[in-house]
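The values are calculated or read from the model by the stated rules, or taken from the named source; none is laboratory data. Please read all numbers here as calculations on a predicted model, not as lab measurements. Positions of Cβ are generated from backbone atoms using ideal geometry, with glycine treated the same way; all protein chains shown enter the neighbour counts. Heavy atoms of the whole protein, side chains included, go into the accessibility calculation; ligands, DNA and RNA do not. Shrake-Rupley method; radii C 1.70, N 1.55, O 1.52, S 1.80 Å.
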Amino acid sequence: MRGRARGLAGRTAMVTGGAQGIGAAVVERLCSEGCRVLVYDKSAEHGRAAVEKWTAEGYEVRLAVGDVMDTAAVKAAFADLPDGWDRPTLLVNLAAGFVFKGLEATAEDWHAALDPTIVGLSLVTREFVAGLPERDADAAVVNMASISAHISQSGYLTYNTGKSAVLGFTRCTAEELAPRGIRVNSVSPGTVWNANNERFHREALGLDRATAEAAPEHGGKFLLKRFADPEEIAAPIAFLLSGEASFITGTDLPVDGGYLAV
Ligand SMILES: NC(=O)c1ccc[n+]([C@@H]2O[C@H](COP(=O)([O-])OP(=O)(O)OC[C@H]3O[C@@H](n4cnc5c(N)ncnc54)[C@H](O)[C@@H]3O)[C@@H](O)[C@H]2O)c1
């Protein structure tokens, strides 16, 4: 990537799981840096609402509705781009299976956990790579891991196994794709205050954000004594995609308020 542009202006990106949550913050960040963004998400409802809002704000965003496990839909999303759009050279894999079970997990639970998180991620990455040049592609992938990829958490066996696999996938694909000029990295966030986490803390624990952040077992477990905002995850993802990270591949960047440091 030596001699490449450092920023992201004029690039086309694909973001899986981009309709809401951290993914939506990533879409907004990339658009604000001048990217065109293809959002690939299984939620037509959230995807349409988000894309309508972004389009009204002047962002160049396209929605493709589909599951990351649906190979035909993934292929179609890459093939059916608006006129004038280049094929994506940036990919952010955020869609995941949210299944939190221990050893009691059934085969169905394991598929629900691992299929989107690692099999679907692999299928999307394969299609992304298929459209890139054999050499000097100037392309980058960021996969979503988690602090859960690095630690043990009671009752999280299915989720943490999937996120651990993302780290292995990242290292192996970084090696496989480096000769083609494609960098692959991951990020590992701590708890991010999005709609899901707000609902969970309110409904399951009866806590608002300030109270949850003050609690030692919730926000207090992070060195910075708080949760992250989605934008604080989007920024390092944009950095890893950009030419500023041109000598970074095959690694994981914790974005965790210092959680893994102690
Ligand atoms: N929220 C956190 O605290 C946190 C922390 C660390 C890592 N993460 C990871 O960040 C990513 C985004 O999490 P979030 O909390 O913003 O989630 P979210 O539920 O707010 O958004 C996830 C999006 O992915 C889409 N999606 C889910 N499965 C899909 C599939 N099979 N195919 C296509 N789209 C699919 C959903 O429709 C949704 O729009 C996930 O990989 C999650 O594991 C989240």
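Which of (1) open to solvent by 40 Å² or more (accessible area, probe 1.4 Å); (2) more than 9 Å from the ligand (Cβ to nearest atom) does Ala139 not meet, given it meets every other one?
Of everything listed in (1) open to solvent by 40 Å² or more (accessible area, probe 1.4 Å); (2) more than 9 Å from the ligand (Cβ to nearest atom), Ala139 misses just condition (1).
Name the strands (runs of 3 or more DSSP E) wholly inside region 1-97 in which the number of residues that are open to solvent by 40 Å² or more (accessible area, probe 1.4 Å) is 1 or more.
36-41, 61-65
Listed here are the residues, each with its yes/no results for (1) among the hydroxyl-bearing types (Ser, Thr, Tyr); (2) touching a helix residue (DSSP H, G or I) at 6+ places or on another chain (Cβ under 7 Å); (3) in contact (Cβ under 8 Å) with a residue 40 or more places away in the chain; (4) more than 9 Å from the ligand (Cβ to nearest atom).
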{"site": "Arg6", "(1), (2), (3), (4)": "no, yes, yes, yes"}
{"site": "Trp54", "(1), (2), (3), (4)": "no, yes, no, yes"}
{"site": "Gly58", "(1), (2), (3), (4)": "no, no, no, yes"}
{"site": "Val68", "(1), (2), (3), (4)": "no, yes, yes, no"}
{"site": "Asp83", "(1), (2), (3), (4)": "no, no, no, yes"}
{"site": "Leu91", "(1), (2), (3), (4)": "no, yes, yes, yes"}
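Looking at (1) among the hydrophobic types (A, V, I, L, M, F, W, C); (2) more than 15 Å from the ligand (Cβ to nearest atom); (3) open to solvent by 30 Å² or more (accessible area, probe 1.4 Å), find the lone condition where Trp193 falls short.
Failing condition for Trp193: (2).
What residue, of Ala210, Ala228, Ala174, Ala178, is at pLDDT 95 or above, open to solvent by less than 20 Å² (accessible area, probe 1.4 Å) and away from the ligand (no atom under 13 Å from the Cβ)?
Sole residue among the options that is at pLDDT 95 or above, open to solvent by less than 20 Å² (accessible area, probe 1.4 Å) and away from the ligand (no atom under 13 Å from the Cβ): Ala174.
So which residues in region 10-51 are away from the ligand (no atom under 14 Å from the Cβ) and among the hydroxyl-bearing types (Ser, Thr, Tyr), if there are any at all?
If the condition is that a residue be away from the ligand (no atom under 14 Å from the Cβ) and among the hydroxyl-bearing types (Ser, Thr, Tyr), then Thr12, Ser32 are the ones that fit.
Looking only at region 148-171, count every residue that is open to solvent by less than 10 Å² (accessible area, probe 1.4 Å) and farther than 19 Å from Gly250 by Cα and tell me the total.
Within region 148-171, residues that are open to solvent by less than 10 Å² (accessible area, probe 1.4 Å) and farther than 19 Å from Gly250 by Cα number 1.
Kindly evaluate Pro133 against the criterion of being in a loop (DSSP other than H, G, I, E, B) and either modelled with pLDDT of 95 or more or in contact with a Lys or Arg (Cβ under 8 Å, 6 or more places away or on another chain) (or both).
Taking the combined requirement at face value, the residue satisfies it.
Return a yes/no flag: does region 155-168 have any residue that is part of a loop (DSSP other than H, G, I, E, B), more than 12 Å from the ligand (Cβ to nearest atom), assigned by TED's automatic domain parsing to the domain that holds Gly120 and touching a residue at least 12 places away in the same chain (Cβ under 8 Å). Reasoning before the result, please.
Step one: of region 155-168, the residues part of a loop (DSSP other than H, G, I, E, B) are 155-156.
When the remaining residues are screened for being more than 12 Å from the ligand (Cβ to nearest atom), the result is 155.
The next check asks that each one be assigned by TED's automatic domain parsing to the domain that holds Gly120; those that pass are 155.
Going one step further and asking which of them are touching a residue at least 12 places away in the same chain (Cβ under 8 Å), we end up with 155.
For region 155-168, residues part of a loop (DSSP other than H, G, I, E, B), more than 12 Å from the ligand (Cβ to nearest atom), assigned by TED's automatic domain parsing to the domain that holds Gly120 and touching a residue at least 12 places away in the same chain (Cβ under 8 Å): present.
Looking at Gly17, is it on the phi > 0 side of the Ramachandran plot and modelled with pLDDT of 95 or more?
In short, yes.
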